[in-house]
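K.L.:
Below is one structure. I have some questions about it.
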Amino acid sequence: MELIYFKNVYKQYKNGVNALVDVNLAIEKGDFVFVIGASGSGKSTLIKLLYREEKPTRGDVYIGGIKVSKLRNRKVYKLRRKLGIVFQDYKLLPKKTVYENVAFALLVYGLKETEIRKRVLKALDQVGLKGKYRSYPDQLSGGEQQRVSIARAIVNNPKVLICDEPTGNLDPETSKEIMDVIESINKEWGTTIIMATHDKDIVNRMKKRVLLLDKGMLVSNKEKGGYSK
Amino acid sequence: MKPIRIFFRSISEAFKSVFRNFSLSLASISCISITLILVAVSVILSYNVNSFTSDIEKDVTIVVFVDNTATSEESDLIGKTINNIANVTEVYFQSKQDIKADMEAESDTFEAILKEYDAETNPLQDTYLVKVSDIEKIGDTAKEIKKIEKVELVKYGEGMVEELVNIFDIVKNITYIVVVALIVVTAFLISNTIKITIQNRKREIEIMRLVGASNSYIKIPFFFEGIILGFLGTVLPILICCFGYAYLYDILGGKLFTEIIKLVNPDLIIYNIVLITLLIGVVVGALGSYRAVRRHLKI
């Protein structure tokens, strides 16, 4: 069975906006998928359905056998432990060091200190920030902060890494470095990547599977696609 | 052990939070302290009122005057009948000769007057002194005794006793109401502090949710924080009340204004006061934070 599976998914917000209309898709384990589209096309909604920030109005969403669309609020954490999420604004805690920010994700599971240390250093190594684990977020560049947030997202060894415009605040050179990090995670750890983005260059260069949304409808679903039609 | 680790992490998080927003914590701890001082004072007051009331109640006696025409058998029967009344705890017989001797010993004037009479002509009457268990039913008991044959007169300071009992009941009830009101105020104070902490940590809570913290893992530190605030708020009231009351007791020599109003010995009630204050602080802290978490931590 597919790792991620959307079946006739509709999402209508309370203000009447139809964010998603009859979306059907399947994503295999280890895939690298871009979600693209203009502002308001439903990219963010699709991403939010994945980590159960929103529930579909109709239809079902499955991730790794969990019926996300029917998941109770109380049980959401079980899903989130199988996911890593990266945001445009990093969402780091300013008063915690790099190490503490990444360890934060494991502390909430109640893991042992030694186990946490091992995993955090491994994740920081993967994103190339091992030497800066004592720094605070405001001492780091935007690209480095995003690496910290990626390290936090992968420290629990997730099946899926969800990225919501991870390069939105970064210059092209730094964006490329971040994409290299994400691609290495996909290749070396076998983590499935789903990434919403506006960045045409990245999508065109990387030749991955592309989902194009327009007014809430999935209008194209191409292997090795590009941004231009 | 996962649950134990999570438990201790919650407590340490709660402590960190108390000290991270120390000015806020201090403000609410001060408010809690003031409230709990008043609560503890009320409790001490209520202990003293209770003890004074029961002292007075112990002293209240029904005096039963036996008709002078009664034979000694009839008089004995009166004693036994009184003893059988449910509310009666103690019956003590005083013959008129005893009373005469007592009065003569009490003052020279009485002695001069009473010298005129011998055992035969003694104008006084044999009496029974009766103690009751339930002071509020003393009127009924007196009426019952009055019905016994050869009982001439029953006296127990009607009116005065009831009045006193009523006044103390009112004092006690007001104390209870004040204590309950203060406890409610304290709960709201703690709830408000936790609410602000929750708002300050919105971002942290959001990230905790995203990385897969369970709801209870997010909520529990806030409960502990409320409990810690409540606990810290009890320290000052306990010190003030224990040492303050002991000091007051020593200075006043264990009585208030007159010998009649005796204060309760601090050694007897101090542990109870400490326990009550601690319990109120901690329980109210837990309740206050529970309310804040329920209302303001929407996850």
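The values are calculated or read from the model by the stated rules, or taken from the named source; none is laboratory data. Keep in mind the model is a prediction, meaning the values are calculated, not measured. For neighbour counting, all protein chains shown are included, and Cβ atoms are generated from backbone atoms with ideal geometry for every residue, glycine included.
K.L.:
With respect to A:Gly110, determine if the residue is touching a Leu at 6+ places or on another chain (Cβ under 6 Å), under 22 Å from B:Met208 (Cβ atoms) and within 10 Å of chain B (Cβ to nearest Cβ).
P.N.:
When the stated conditions are applied, A:Gly110 does not pass them.
K.L.:
Here is a follow-up. Looking at the stretch A:56-70 only, could you name the residues that are without any contact (Cβ under 8 Å) to a residue 40 or more places away in the chain, touching a strand residue (DSSP E or B) at 6+ places or on another chain (Cβ under 9 Å) and surrounded by fewer than 21 Cβ atoms within 10 Å (Cβ to Cβ)?
P.N.:
A:Lys67, A:Lys70 - these are the residues of the stretch A:56-70 that are without any contact (Cβ under 8 Å) to a residue 40 or more places away in the chain, touching a strand residue (DSSP E or B) at 6+ places or on another chain (Cβ under 9 Å) and surrounded by fewer than 21 Cβ atoms within 10 Å (Cβ to Cβ).
K.L.:
Also, I was wondering about something else. Give B:Asp118, B:Asp108, B:Asp134 a once-over and let me know the one that is more than 13 Å from B:Asp67 (Cα to Cα) and in contact (Cβ under 8 Å) with a residue 12 or more places away in the chain.
P.N.:
B:Asp134 is the lone residue from the list that is more than 13 Å from B:Asp67 (Cα to Cα) and in contact (Cβ under 8 Å) with a residue 12 or more places away in the chain.
K.L.:
Would a scan of the stretch A:92-103 turn up a residue that is farther than 24 Å from B:Lys16 by Cβ and either aliphatic (A, V, I, L, M) or free of Cβ contacts under 8 Å to residues at least 24 places away in the same chain (or both)?
P.N.:
Scanning the stretch A:92-103 turns up no residue that is farther than 24 Å from B:Lys16 by Cβ and either aliphatic (A, V, I, L, M) or free of Cβ contacts under 8 Å to residues at least 24 places away in the same chain (or both).
Residue-wise test of (1) modelled with pLDDT of 85 or more; (2) part of a helix (DSSP H, G or I); (3) within 16 Å of the chain's Cα centre (by Cα); (4) away from chain A (no Cβ under 14 Å).
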residue	(1), (2), (3), (4)
B:Ser10	yes, yes, no, no
B:Ser17	no, yes, no, no
B:Leu45	no, yes, yes, yes
B:Asn50	no, yes, yes, yes
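K.L.:
Moving on. Among the hydroxyl-bearing types (Ser, Thr, Tyr) and either surrounded by fewer than 19 Cβ atoms within 10 Å (Cβ to Cβ) or touching an Asp or Glu at 6+ places or on another chain (Cβ under 7 Å) (or both): is that true of B:Tyr217 in this structure?
P.N.:
no
K.L.:
Tell me yes or no: at least one residue of the stretch A:58-69 is facing another protein chain (nearest Cβ under 9 Å) and more than 16 Å from B:Gly212 (Cβ to Cβ).
P.N.:
Among the residues of the stretch A:58-69, not one is facing another protein chain (nearest Cβ under 9 Å) and more than 16 Å from B:Gly212 (Cβ to Cβ), which makes the answer no.
K.L.:
For the stretch B:1-45, give me the residue count where each residue is polar (S, T, N, Q) and more than 18 Å from B:Thr234 (Cβ to Cβ).
P.N.:
Selection size over the stretch B:1-45: 5.
K.L.:
May I ask you to say which residue of B:Ile32, B:Ile6, B:Ile56, B:Ile78 is assigned to a helix (DSSP H, G or I), buried (at least 17 other Cβ atoms within 10 Å of the Cβ), more than 14 Å from every other protein chain (Cβ to nearest Cβ) and touching a helix residue (DSSP H, G or I) at 6+ places or on another chain (Cβ under 8 Å)?
P.N.:
Matching residue, one of B:Ile32, B:Ile6, B:Ile56, B:Ile78: B:Ile32.
K.L.:
Please go through the stretch B:156-207 and give me each residue that is surrounded by fewer than 13 Cβ atoms within 10 Å (Cβ to Cβ) and in contact with a Leu (Cβ under 8 Å, 6 or more places away or on another chain), ordered by number.
P.N.:
Once the filter is applied, which keeps residues that are surrounded by fewer than 13 Cβ atoms within 10 Å (Cβ to Cβ) and in contact with a Leu (Cβ under 8 Å, 6 or more places away or on another chain), the stretch B:156-207 yields only B:Arg203.
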